Amino acid sequence: MEFFEWIHERCVARWGVPPLNTRPLASDGSDRSFFRVEFKVGSFIALWNSGNSAENDAYWEIGRHLGSCGVPVPKLYEYQRDMGWLMLEDLGELSLQEAVCKESSHQGILELYRPVLEALLLLQVKGIKGFSESWCYQGSRYDERLMLERESGYFLEAFLQGYASWKGVKSRLWEEFLLLARTTARLASPVFLMHRDFQSRNILLSPQGRAGIIDFQGARLGPLQYDLASLLMDPYVSLPQDVRDSILREYLVGLSEYAPVSPEAFLEGYPLVALHRNLQILGAFAFLGKTRGKSFFLRWIPGALSHLQELLLAHPQWPCPLLRDTVAQLCS
């Protein structure tokens, strides 16, 4: 059976009507294919990922778990595992990125982020209950090894060497990354659930202002700070510092209602976790933009690099003089 035949068959079986229109959707950095399928009484999303059954399994298992915990993710309808086909609820077309870019006032932006913070806390604190590490792919914990392989190492190889043609001493920079990862692992324990890519293009807003979370297949055990850093250092929207500060304060107030976490401990680990998130972003944008030929991502590199320099300047005590000098040169 072909993919579109399957869509037709399952649509008729589930809703009693055939699809009227099927149109492709942008998939950003993913190799997966997404389609919005419209029929007489609504629509759904069809996902085709025939090349990675482990990713599909993670999407299916984690998505069903999060839904059972009350986390606002799409309902998962069907999974044809041998073909890599999934059907899921359509959460709409308005991303947080689009909504924020249309809003000019500080208060208006905060109103957009309030349901997002509520959804994030549900995922982090409620979602960890009953979560099985066996559902994860590409690692089940955010730890020192992941920081070195998929964040600082990614930044070094894909961004500095591959994109910026950096010719510095790799071993010296690697020593700095080892120290940073070790300190971050000590300050930010992986005892909650993290989304791993919690940014404005992975959050959809309903007409009623409710937030929905997509692309959760990379979820794993991790520190609370990571997803908030992803949201606040999001290069797609470039939030002003005063807005970021307000969102951070509101998050900490909400967190106090969910878990007995010290705000001081959270804030102590936050900057280093944000640093590693920034390194991952730059590595990913460089790899996708240059190696994969998805030039869309290159436009976001200056903003992400500016965030990285901002963090390094704000924390001169961090043991990374070569990284600091290298980023300063790239920003000059």
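With a cut-off of 14 Å between beta carbons, the residues surrounding L146 carry a summed charge of +1, where Lys and Arg count +1 and Asp and Glu -1.
If R0 equals 45 Å, the separation of the Cβ atoms of L110 and A13 corresponds to a calculated FRET efficiency of about 0.55. Magnitude of the charge dipole for the stretch 242-332, about its Cα centre and with charges confined to Cβ atoms of Lys, Arg (+1) and Asp, Glu (-1), is about 680 debye. The modelled label-to-label distance for the pair K102/A328, using points 7 Å beyond Cα in the direction of Cβ, is 4.3 nm.
In a GNM of the chain with a 10 Å cut-off on Cα contacts, which of A259, A229, A219 has the highest mean-square fluctuation? Residue with maximal mean-square fluctuation among A259, A229, A219: A259.
Residues with beta-carbon under 12 Å from that of M87, excluding M87: net charge, scoring Lys, Arg +1 and Asp, Glu -1? Around M87, the charge tally is 0. A simple rule links phi to the HN-Hα coupling: the Karplus curve 6.51 cos²θ - 1.76 cosθ + 1.60 with θ = phi - 60°, which for the stretch 215-221 gives 6, 9, 5, x, 4, 6, 5 Hz, with x for Gly and Pro. Full extension of the chain between W166 and E93 gives 22.3 nm of extra length, using 0.36 nm per residue less the Cα-Cα distance. Among residues other than R210 with Cβ under 15 Å from its Cβ, the summed charge is -3 (Lys and Arg +1, Asp and Glu -1). Here's the picture: charge each Lys and Arg Cβ at +1 and each Asp and Glu Cβ at -1 in the stretch 238-332, and of F297, S238, I281 the one pushed furthest to the positive end of that dipole is F297. Listed from fewest to most Cβ neighbours within 10 Å, the set E38, E151 follows the order E38, E151. For the chain, the share of DSSP beta bridges that are antiparallel, to the nearest 5, is 95%. Only the Cβ atoms of Lys and Arg (+1) and of Asp and Glu (-1) were treated as charged; on that basis the dipole of the chain about its Cα centre amounts to roughly 320 debye. For the stretch 134-151, putting each phi into the Karplus relation 6.51 cos²θ - 1.76 cosθ + 1.60 with θ = phi - 60° gives couplings of 5, 7, 6, 10, 6, x, 10, 9, 8, 9, 4, 4, 5, 4, 6, 7, 10, 10 Hz, in residue order, rounded to whole numbers and with x for Gly and Pro. Shown in residue order for the stretch 90-95 are the 3J(HN,Hα) couplings computed by the Karplus curve 6.51 cos²θ - 1.76 cosθ + 1.60 at θ = phi - 60°: 8, 8, x, 10, 8, 8 Hz (x for Gly and Pro). Within a straight-line Cα-Cα reach of under 30 Å, K167 can be paired with the following lysines, leaving aside sequence neighbours fewer than 8 residues apart in one chain: K290, K294.
Think of each Lys and Arg Cβ as +1 and each Asp and Glu Cβ as -1; about the Cα centre, that makes the dipole of the stretch 22-66 roughly 300 debye. Close amide H contacts of Y77 (hydrogens built in the peptide plane, cut-off under 5 Å, sequence separation of 5 or more or a different chain): M87, L88, E89. Residues considered: H307, H276, H106. Largest GNM mean-square fluctuation over the chain, using C-alpha springs under 10 Å, is found at H106.
The relative contact order of the chain comes to 17 percent, based on Cα pairs under 8 Å that sit 6 or more residues apart. Shape index of the chain: Rg/Rh, with Rg the Cα radius of gyration and Rh the Kirkwood radius from the inverse mean 1/r over Cα pairs, equals 0.97.
Readers should treat all values here as calculations from the given coordinates under stated rules, not as data from a laboratory. This one's a predicted model, so the numbers in the text were calculated from it and none came from an experiment. Glycine also receives a Cβ, built like all others from the backbone with ideal geometry; neighbour counts cover every protein chain displayed.
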